Amino acid sequence: MGLNLLEKLSMADYIEPWPVELIDFMAPETRVIYSDVDGTLLGPGGCLFKDERSVFTGSVAQAVLQCHLNSIDVVLVSGRNRHQLFSDARILGFTNWIAELGCQIVYSRGEVVLLNVGDFPITKSSVWHEIDRCGAPKLLLETFKGRLEYHLPWSEGRECTHLLRGRIDCGAANALLAGHGHGELKVIDNGLVHRRSSALAADIREVHAYHLLPKASSKSSAVRKDRETRDIPKDLTAAIGDSIADLELANEVGVLFLVRNAVIANPELLERIKDYPNVFITHEAMGLGWAEAIDFLIGRKSH
């Protein structure tokens with residue numbers, strides 16, 4: 001869905017030239033950056049070296065290097081599982097990450113893993129198995145038969161969230177869960193995914209990924225817990241993302257940048273960000289937008 005003229009004019013309020021004095025007041029220094037992965041740091045196909053048009057570029061890799069040279073801790077925040085993020089982080093030189101939409105906070109390349117699931121009951125089995133045991137996944141799959149299925153192969157090997165794909169109304173799904181005694185769980189829409197050969201109904205035009213997870217878990221609550229755990233002041237942090245789930249990080253960081261493709265894919269974000277004075281939109285999309293935000297945060301030191 002594209003932006004109409006009015007929306008384009010509205011977006012101009014949030015893109016460069018960004019108010020340096022205001023940003024310096026909200027986030028005078030950046031020591032930690034919480035970053036979404038797919039569609040933000042990484043381009044099409046999960047490639048670090050491709051822009052939104054799949055043209056090769058080294059700008060994003062250079063921005064990653066600048067983070068290291070300036071001792072900025074980049075924390076990946078994603079719906080991916082912790083083992084997938086280990087591979088990403090190892091290649092990029094990062095040491096900490098937040099996995100499965102905030103369910104796990106991982107430190108020191110996986111040596112320490114903190115759960116962020118609130119009061120969700122856990123025995124010796126994993127959170128994933130506890131969710132499976134209670135019957136919530138089966139309830140959703142049977143109720144939305146032909147509209148929902150597991151997001152194979154990425155749904156395998158998970159420890160917390162059940163990863164599904166299809167097209168459903170999250171409000172209806174969460175009401176269903178609550179009505180069947182699963183009020184401690186929630187379904188979150190994690191955005192568009194490529195349609196694959198499956199048993200989904202043919203009339204589903206847009207296939208979305210959905211996470212079934214504990215209600216207390218989220219990217220924002222995980223960022224808050226990480227800051228509390230490591231005693232990181234809010235004004236020393238920034239975030240970069242591309243979704244409504246990432247917008248919620250604005251309450252937990254000094255400043256948040258949404259890459260341009262975020263508002264192209266979700267025009268309603270323009271209305272939502274009016275409530276957040278610390279949210280800005282990049283000129284560029286995906287990785288180039290990520291690099292743009294990094295260049296700004298680091299470069300303002302010399303101004």
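Numerical summary
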quantity	calculated
Reachable aspartates and glutamates, given that their alpha-carbon falls under 15 Å from the alpha-carbon of LYS138 and they are not under 8 places away in the same chain	GLU130, GLU149
Size of charge dipole - segment 49-158 - debye, nearest 20, with Cβ of Lys, Arg +1 and Asp, Glu -1, no other charges	180 debye
Principal-axis tilt of helix 82-92 within the chain, Cα atoms, nearest 10 degrees	20 degrees
Shape box of segment 140-246 [Cα atoms, principal axes, largest first, Å]	49, 32, 25
In degrees, nearest ten, helix 170-179 long axis to first principal axis of the chain (Cα)	50 degrees
Probe 1.4 Å, accessible area per residue of segment 57-130, Å²	44 Å²
Positive-end extreme of charge dipole, segment 162-303 - chosen from LEU192, ALA202, GLY287 (charges on Cβ)	ALA202
MRE, 222 nm, helices only [DSSP H, n ≥ 4, -39500 (n - 2.57), over the chain, to nearest 500]	-9500 deg cm²/dmol
Ranked packing of 275-287, 146-158, most packed first, by mean Cβ within 10 Å	275-287, 146-158
Two-site label geometry, VAL113 and SER198: point separation in nm, points 7 Å out along Cα→Cβ	2.5 nm
Sorted peptide list for 96-102, 129-135, criterion being average Cβ within 10 angstrom, highest first	96-102, 129-135
In segment 142-288, lysine pairs with alpha-carbon atoms under 27 angstrom apart (chain gap of 8 or more, or interchain)	14
Of all accessible heavy-atom area on the chain, the percent that carbon and sulfur account for (1.4 Å)	53 percent
Distance between segment 224-292 and segment 124-179 - C-alpha centres, whole angstrom	27 Å
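The values are calculated or read from the model by the stated rules, or taken from the named source; none is laboratory data. Source: prediction; values computed, not measured. Don't worry about glycine lacking a Cβ; one is built from the backbone with ideal geometry, like all the others, and counts go over all protein chains shown. Note: accessible area is taken over every heavy atom of the protein model, side chains too, but ligands, DNA and RNA are not part of it. Shrake-Rupley method; radii C 1.70, N 1.55, O 1.52, S 1.80 Å.
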